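*Asks:* If you scroll down you'll find the structure; I have some questions about it.
Please treat every number below as a calculation from the coordinates, not as lab data. Please read all numbers here as calculations on a predicted model, not as lab measurements. A quick note on method: Cβ atoms are made from the backbone with ideal geometry, for glycine too, and the neighbour counts reach across all protein chains shown.
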């Protein structure tokens, strides 16, 4: 077993006891557990008791933008000076602020409609900097008792949009496409419920029953996140920046023959491929704003990747960064991910503000692990449960194109919720 290190690309998650003890730590210890992606099963990062922790709450546009940019600047300076590992969570609304910072006042006002739905004091960004990663139960320390983790339950979900209202939103999106406003929009429907217990039990149940490449758990004094995300947002190694957007989804079947037919149909489906290609093009444009001329390239387009409950189509785009590009510049050019906005990005974000009745929060934002200034990785926080007090939210949705139907999009929401339902049932029954 490897020793804890600030600079290892990814470390073995250690024994189940180590994972259990970090997951069950108090929210005031700010525990973080993040899996390392589809090509490194069993590896990831765990940490607790940060040497620095700060949450940016919503305090109005200008004050919050200043605090957010200061937080990102602190992260980059810390990585440059000390190399301590860090975990960053950004809400979708943080992305709205970053995008608006480079726009005229009139255009920024249209973009920031989503922020009008935020209550004062709601967290929109969080940074925890740790002394080192944890790779074993022994590394946690003998003074930390093995926790008893309460089962986690949520009352029946209430959607922000019922099926008729969601159908109206889909049709409004299709009209915007017909008018030439957009090519595609990712429409989200927030599920909300009352919760009880420790979200750590949901995370542990998901690890066992519905694992995802970027499974993550963050517990903080103000909120907790359990992310079942399969999607990488960005990764940086040296001067190479990579993105891997997902677009195109189909359910899995327990019957191998039927499952193979479903996967083949997804690959062959022109609607799903069109969704994927449009977002890959958007990422090429976003990365082009940061890249050395001529270095943006697609290494995969609409390739099939299969997960425990769904099949997806995934593209991969990469570039060589221009010298001196900062983390803030990277996020202004790319965040939020085009896979959860639509295209063109800014107009799609404006329509999201009009059509979705609830803020997205950390769900549809990003969760990142930082090992150094030039070595980090962020997931798109899709399929992410956010807990604040006794309230849990879980947005589900999909890409709307001209070929979309309200019935088909509603069914896709149900498919994407399936992994959460399975994990919740296991967490409810946890000893």
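*Asks:* Which distance in Å, rounded to a whole number, links the C-alpha centroids of the range 170-201 and the range 98-120?
*Replies:* 19 Å
*Asks:* One quarter of the convex hull surface, Cα atoms only: what value does that give for the range 11-428 in nm²?
*Replies:* Seen from a random direction, the Cα hull of the range 11-428 projects 18.9 nm² on average.
*Asks:* Just subtract the alpha-carbon distance of residue 163 and residue 82 from 0.36 nm times their residue separation and send over the number in nm, one decimal.
*Replies:* 24.1 nm is the gain from fully extending residue 163 to residue 82.
*Asks:* Set the Förster radius R0 to 41 Å, insert the Cβ-Cβ distance between residue 16 and residue 52 as r into 1/(1 + (r/R0)^6), and round the FRET efficiency to 0.05. Mind showing how you got there, number by number?
*Replies:* Numbers: r = 29 Å, r/R0 = 0.71.
After rounding to 0.05, the efficiency reads 0.90.
*Asks:* By per-residue mean of other Cβ atoms within 10 Å, what is the highest-first order of 316-329, 373-386?
*Replies:* The packing order, highest mean first, is 373-386, 316-329.
*Asks:* Cβ neighbours within 10 Å, averaged per peptide: list 241-252, 114-125 in order, most packed at the top.
*Replies:* On the way: 241-252: 22.9, 114-125: 16.5.
Listed from highest to lowest mean packing, they are 241-252, 114-125.
*Asks:* Now, a different point. When 345, 271 are ordered from fewest to most other Cβ atoms inside 10 Å of their Cβ, what list results?
*Replies:* So the residues, fewest neighbours to most, are 271, 345.
*Asks:* Hey, can you rank 63-71, 261-269 by average C-beta count inside 10 Å, highest first?
*Replies:* Highest-to-lowest ranking by the protection proxy: 63-71, 261-269.
*Asks:* Please rank 283, 307, fewest neighbouring Cβ atoms within 10 Å first, as an exposure proxy. Present the calculation step by step, with values, prior to reporting the outcome.
*Replies:* Working: 283 27, 307 18.
Going from sparsest to densest Cβ surroundings: 307, 283.
*Asks:* Return the whole-Å distance between the Cα centroid of the range 349-426 and the Cα centroid of the range 286-332.
*Replies:* What the calculation gives is 20 Å, centre to centre.
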